[in-house]
Amino acid sequence: MDAQYKTDLDRVLAQIQPRSVLCLGAPCPESVRDYVAAAAGRLSRHLPEPPQTLAPFDLIVVAGLLERLDKPQGEHLLASLRDLHGGRFLLTLAVGPRPQQASQWDMAELLALGLVLVGRYPDDGGETHLYRYDLADYKTTPEWFNPRFWAHPERWDKDFW
């Protein structure tokens, strides 16, 4: 991976500041290991395959795993990470035609699952993308969705339903 990947990963770690990190698939990237080692009390764990049950972690880093799973398994993994396991993860994914992969993913499919593209990095077989999902900034609350547009205090003592 190139230097820009490390820079982007360091930036994301500095923004999130997780106390516990789980790496699924490939071992934790060097940036994650350095981040965990930099302060006492931080924890990291590596699992080569997705487990049946998973304890909550502040951040989950998925690398080299989604390519080995077929599409339904991969979608299930991403949805469960998104909905059940803390709502915050990073995904490093090799894109482009690669015959050794069990599934091919394109950016539209990942964006449809709510992931945000952090960066693209050239490698020997095409490109590698870094995606981020964070429930805290997934969707901003629209302006119209507040009590100013829904509640009518001037009518509170006049109408009863």
Q) Quick one: helix 3-16 against the long Cα principal axis of the chain, what's the angle to the nearest 10°, folded into 0 to 90? A) 40 degrees
Q: Based on the mean of other Cβ atoms within 10 Å per residue, sort peptides 127-135, 68-76, 35-43 so the most packed one is first.
A: 127-135, 68-76, 35-43
Q: With label points built 7 Å along Cα→Cβ from the Cα atoms of ALA112 and ARG68, find their separation and express it in nm.
A: 2.6 nm
Q. Using Cα-only point scatterers and the Debye equation, what is log10 of I(q)/I(0) for region 3-155 at each q in 0.16, 0.17, 0.20 Å⁻¹, rounded to two decimals?
A. -0.88, -0.98, -1.34
Q. How far, in degrees from 0 to 90, does helix 71-83 lean away from the longest principal axis of the Cα atoms of the chain, to the nearest 10?
A. 50 degrees
Q: Can you give me the P(r) profile for region 32-97? Cα pairs, bins 10 angstrom wide beginning at 0, each as a whole percent.
A: 17, 51, 25, 6, 0
(Q) Quick check on the exposure proxy: order ILE16, ILE60 from fewest to most C-beta atoms within 10 angstrom. (A) ILE16, ILE60
Q. Tell me, what is the FRET efficiency for ARG45 and ASP124 to the nearest 0.05, using R0 = 30 angstrom and their Cβ-Cβ distance as r?
A. 0.55
Q.
Between ASN146 and ASP58, what is 0.36 nm times their sequence separation minus the Cα-Cα distance? Round to one decimal in nm.
A. 28.7 nm
Q.
Under 8 Å for C-alpha pairs, at least 6 residues apart: give me the relative contact order for the chain, rounded to a whole percent.
A. 20 percent
Q. When the helix-only estimate is applied to the chain (DSSP H runs of n ≥ 4, each -39,500 (n - 2.57), divided by the residue count), what is the mean residue ellipticity at 222 nm, nearest 500 deg cm²/dmol?
A. -8000 deg cm²/dmol
Q. Share of Cα-Cα pairs in region 1-60 beyond 19 Å, in percent?
A. 28 percent
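The numbers here are math on the coordinates, done by the rules we state, and not lab data. These numbers were taken from a predicted model, which means no experiment stands behind them. As a convention, Cβ positions derive from the backbone with ideal geometry for all residues, glycine included, and neighbour counts pool all protein chains shown.
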